[in-house]
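Enquirer: Sending over a structure as structure tokens; questions will come in a sec.
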Amino acid sequence: MEGPVYYKTPHRFCDERGFFQELFNGPRIRHHLRVNRTPQKQPPNIPEAMAQVNHSHSKKGVLRGLHWQKPNPVGKYVTCLRGHILDIVVDIRRSSPTFKQWKGFEIDAEEGQALWVPEGFAHGFLVTSSMADVIYVQSKAFNQESDRTLRWDDADVAIAWPEMPGGYTISEKDKNAPLLSELSGEALFD
């Protein structure tokens, strides 16, 4: 699946005090990805300036998503400041060869991984540690009228969410979200 970019090796300075890490540096990330890309792939269009920063604090078993905006699509740069999550992206571009396919990425505060989720993908995550603080930086501000949700357990997408003792904690909005087959064409990307 092309689109999301997993930034596995953060730009981190470590010494006896701990570490300092740039959470987001658009030019550095684009350079890193340009240098490490395969010749067939173009580097992603990661903006240098972002419009909104969100902080989500959640306990173990909280499942958030799957969300996107259309119109007014946004890209998201996601990382974890405490704990760890399983971050999920679903390709919702109808013309894509990977339409309806999902991919999971482990993001752990200790390791400092990050994920760029471009426009055209639904995004969500599951907290797999006792708690997690997730930061996601958006390329555009949240727009309530453009907010879209896909049900987390849609059988057509078939995400293999890990089992959680005690089950998942999910908002009513996400529990009652439509299936992919129930979404209108204007809610998806071409």
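Enquirer: Got a sec? Which of A132, A187, A122, A114 is at pLDDT below 95, aliphatic (A, V, I, L, M) and surrounded by 14 or more Cβ atoms within 10 Å (Cβ to Cβ)?
Expert: A114
Enquirer: In addition: Here are V62, V90, V53, V35: which of them is at pLDDT 95 or above and either farther than 27 Å from D154 by Cα or in contact with a Leu (Cβ under 7 Å, 6 or more places away or on another chain) (or both)?
Expert: V90
Enquirer: Whether any residue in the stretch 98-109 is of a type in the set (S, T, Y) and in contact with a Pro (Cβ under 7 Å, 6 or more places away or on another chain) is what I want to check.
Expert: Within the stretch 98-109, the subset of a type in the set (S, T, Y) is 98.
Still in the list and also in contact with a Pro (Cβ under 7 Å, 6 or more places away or on another chain): none.
Within the stretch 98-109 (the criterion being of a type in the set (S, T, Y) and in contact with a Pro (Cβ under 7 Å, 6 or more places away or on another chain)), the answer is no, since none of the residues qualifies.
Enquirer: Considering only residues of the stretch 73-103 that are in a loop (DSSP other than H, G, I, E, B) and among the polar types (S, T, N, Q), which is surrounded by the fewest Cβ atoms within 10 Å (Cβ to Cβ)?
Expert: Of everything passing the filter in the stretch 73-103, S95 is surrounded by the fewest Cβ atoms within 10 Å (Cβ to Cβ).
Enquirer: If S181 meets every condition in (1) farther than 18 Å from K70 by Cβ; (2) surrounded by fewer than 19 Cβ atoms within 10 Å (Cβ to Cβ); (3) of a type in the set (G, A, S) apart from one, which number is that one?
Expert: (1)
Conditions (1) among the charged types (D, E, K, R); (2) under 14 Å from G65 (Cβ atoms); (3) assigned to a loop (DSSP other than H, G, I, E, B), marked per residue:
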residue	(1), (2), (3)
I107	no, yes, no
E110	yes, no, yes
W116	no, no, no
V157	no, yes, yes
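Enquirer: Among the residues of the stretch 163-178, how many are exposed (fewer than 10 other Cβ atoms within 10 Å of the Cβ), assigned to a loop (DSSP other than H, G, I, E, B) and either at negative phi or touching a Ser or Thr at 6+ places or on another chain (Cβ under 6 Å) (or both)?
Expert: 2
Enquirer: Moving to a separate point now. When you check T169 against the structure, is it out of contact with any Pro (no Cβ under 9 Å at 6 or more places or on another chain), modelled with pLDDT of 95 or more and closer than 29 Å to A51 by Cβ, yes or no?
Expert: Answer is yes for this residue.
Enquirer: Only residues that are crowded, with 18+ Cβ neighbours inside 10 Å and within 21 Å of W161 (Cβ to Cβ): list them for the stretch 48-59, please.
Expert: Just the residues of the stretch 48-59 that are crowded, with 18+ Cβ neighbours inside 10 Å, to begin with: 50, 58.
The one that is crowded, with 18+ Cβ neighbours inside 10 Å and within 21 Å of W161 (Cβ to Cβ): S58.
Enquirer: Select from the stretch 142-160 the residues that are of a type outside the set (D, E, K, R) and more than 23 Å from G75 (Cα to Cα) and write down the one among them that is surrounded by the fewest Cβ atoms within 10 Å (Cβ to Cβ). Let's see the steps before the verdict.
Expert: So in the stretch 142-160, the residues of a type outside the set (D, E, K, R) come out as 142-144, 146, 149-150, 152, 155, 157-160.
Filter again for more than 23 Å from G75 (Cα to Cα), leaving 155, 158, 160.
Numbers: A155: 10, A158: 10, A160: 8.
So the residue we want is A160.
Enquirer: Yes or no: D156 charged (D, E, K, R), without any contact (Cβ under 8 Å) to a residue 60 or more places away in the chain and within 13 Å of P4 (Cα to Cα)?
Expert: No, not satisfied.
The values are calculated or read from the model by the stated rules, or taken from the named source; none is laboratory data. Keep in mind it's a predicted model, so treat the numbers as computed, not measured. Cβ sites come from the backbone with ideal geometry, for glycine too, and all protein chains shown count toward neighbours.
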